[in-house]
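Right, one structure below, let's go through it.
Just so it is clear, none of the values below were taken in a lab; they were calculated from the coordinates. All values reported here derive from a predicted model rather than from experimental measurement. Here the Cβ is made from the backbone with ideal geometry for all residues, glycine too, and neighbour counts use every protein chain on show.
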Amino acid sequence: MDCQETQESILDSLVESLATERYLSMENHLAGCETCSNFAKVHRTLDSRLAAAIPQGPISPAFRTALRKRIQRDPEALWPDFLPDVAHLAGCALVIALSVLLLPFNSRSVLLVGLVFTSGTYFLQAALRSGDGVGV
């Protein structure tokens, strides 16, 4: 078990019982990793302090199950991540095609300008999307 898996197991162990194999694997890792041992100590201390300061009301198992399912659902999964790229490129292709047919300019010039514009706006879109960490 690596540090990330161990730390996830530590956090999971604060709210539920771990399977024996996972618990033993976590404990074995904690025995040899000072970073994860400190992580466990801090989070267990914090958990006990919060439990003492804030009394826990009764929560039904059905509520916990429903909450976990709701948390695991990804609201962005309704649309594929590549959809903005496809929409952008399709829109630009449509505008370029209409421009070639309707504008009184040389079609090669219109295609070249359209491709340059499409490339520039596509990279701008990609930069903006990667800058905030959220898919647009």
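When the chain is treated as a GNM with alpha-carbon contacts under 10 Å, the residue of G57, G32, G91 showing the greatest mean-square fluctuation is G32.
Computed from Cα atoms, the angle from the helix 61-72 axis to the main principal axis of the chain rounds to 30 degrees. Taking the number of Cβ atoms within 10 Å of each Cβ as an exposure proxy, the fewest-first ranking of T20, T118, T35 is T20, T35, T118.
Based on Cα atoms of the range 3-72, Rg over Rh with Rh as the Kirkwood radius reads 1.02.
Evaluated with a Cβ-only charge set (Lys, Arg +1; Asp, Glu -1), the chain carries a dipole of roughly 440 debye about its Cα centre, given to the nearest 20. Beyond 16 Å, the tail of the calculated P(r) for the range 78-132 holds 48 percent of the Cα pairs.
Taking the C-alpha atoms only, the angle from helix 34-53 to the longest principal axis of the chain is near 80 degrees. For the range 1-126, place one equal point scatterer on every Cα, skip the solvent, and apply the Debye formula. What is log10 of I(q)/I(0) at q = 0.10 Å⁻¹? These q points yield log10 I(q)/I(0) values of -0.62.
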